[in-house]
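The values are calculated or read from the model by the stated rules, or taken from the named source; none is laboratory data. Since the model is a prediction, treat every value here as computed from it, not as a measurement. Here the Cβ positions follow ideal geometry from the backbone for every residue, glycine too, while neighbour counts run over all protein chains shown.
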Amino acid sequence: MRAEKRREEILSLIGNTENPIPANVLKERFGISRQVIVQDIAILRANGYDITATSRGYVLNVKNQATRVFKCRHTFEEMVDEGMLIIGAGGRIEDVFVNHRIYGRISARLDLYNRTHVEELYRSLISGASKPLMSVTDGYHYHTVSADSEAVLDQTEKLLRERGFLIEI
């Protein structure tokens, strides 16, 4: 079995049970060493999965998060305002994507969870090394935003609309 497929199955096993799964059980299931299991878990964690090692085994911590996609449009200079608005309302900006007429969907993972992340992204873009994705679609772009509740996303939507950033889909 290929390593990538094995990691998917490990994720499925620990994500579909309420009980921790010991490394020895995973080792036997896949016929590999315990060290390989530890390495697989480390790789899964590095890929953003919140896996906890307890004395009884591994547990996948799944947060019940609400997500919503917002279509927005604004100028380059208003990027920070948009990010601060979303973060300030309690949202997390997971990604940005555009729908290009020739190339189709082009996306980038952002993982912006606080004001510092927003400022760092803006500083990296004003350096001139790269342009934001929205520059290829005349300012139109989408964000996947996650939050702890639908109420936070409703508030985020309201604020984006009031600021004139939200494009009604």
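Screening the range 114-134 for residues that are assigned to a loop (DSSP other than H, G, I, E, B) and either under 21 Å from Val98 (Cα atoms) or not assigned by TED's automatic domain parsing to the domain that holds Ser146 (or both) and picking the one that is nearest to the chain's Cα centre (by Cα) gives Pro132. Restricting attention to the range 93-108, does a residue exist that is touching a residue at least 60 places away in the same chain (Cβ under 8 Å), within 22 Å of the chain's Cα centre (by Cα), in the same structural domain as Ser127 (by TED's automatic domain parsing) and not in a helix (DSSP H, G or I)? No, the range 93-108 contains no residue that is touching a residue at least 60 places away in the same chain (Cβ under 8 Å), within 22 Å of the chain's Cα centre (by Cα), in the same structural domain as Ser127 (by TED's automatic domain parsing) and not in a helix (DSSP H, G or I). Scanning the range 9-25 for residues that are closer than 18 Å to Asn61 by Cβ and assigned to a helix (DSSP H, G or I) turns up Ile10, Leu11, Ser12, Leu13, Ile14, Gly15, Ala23.
Among the residues of the range 44-64, the one identified as surrounded by 14 or more Cβ atoms within 10 Å (Cβ to Cβ) and either of a type in the set (D, E, K, R) or in a helix (DSSP H, G or I) (or both) is Leu44. Looking at Glu28, is it among the charged types (D, E, K, R), closer than 30 Å to Glu168 by Cβ and without any contact (Cβ under 8 Å) to a residue 12 or more places away in the chain? So Glu28 fails the test. Of all residues assigned to the range 105-121, at least one qualifies as being acidic (Asp, Glu) and surrounded by 14 or more Cβ atoms within 10 Å (Cβ to Cβ).
Within the range 141-159, residues that are within 12 Å of Arg92 (Cα to Cα) have Cβ atoms under 8 Å from residues that are assigned to a helix (DSSP H, G or I) and of a type in the set (A, V, I, L, M) in these pairs: His143/Ile86; Val145/Ile86; Val145/Leu153; Ala147/Leu153; Thr156/Leu85; Thr156/Ile86, counting only partners at least 6 apart in sequence or on another chain. Criterion applied to Gly83, Gly88 was being surrounded by fewer than 17 Cβ atoms within 10 Å (Cβ to Cβ), in the same structural domain as Ser124 (by TED's automatic domain parsing) and modelled with pLDDT of 90 or more, and the one residue passing it is Gly88.
Being assigned to a helix (DSSP H, G or I) and modelled with pLDDT of 90 or more holds for only one residue in Glu4, Glu28, and it is Glu28. None of Phe30, Phe70 is assigned by TED's automatic domain parsing to the domain that holds Lys158 and among the aromatic types (Phe, Trp, Tyr) except Phe70.
The set of residues from the range 112-137 being touching a residue at least 24 places away in the same chain (Cβ under 8 Å) and either touching an Asp or Glu at 6+ places or on another chain (Cβ under 6 Å) or of a type in the set (Asp, Glu) (or both) comprises just one member, Glu119. Screening Ser107, Ser146, Ser127 for residues that are out of contact with any helix residue (DSSP H, G or I) (no Cβ under 9 Å at 6 or more places or on another chain) and among the hydroxyl-bearing types (Ser, Thr, Tyr) leaves exactly one candidate, Ser127.
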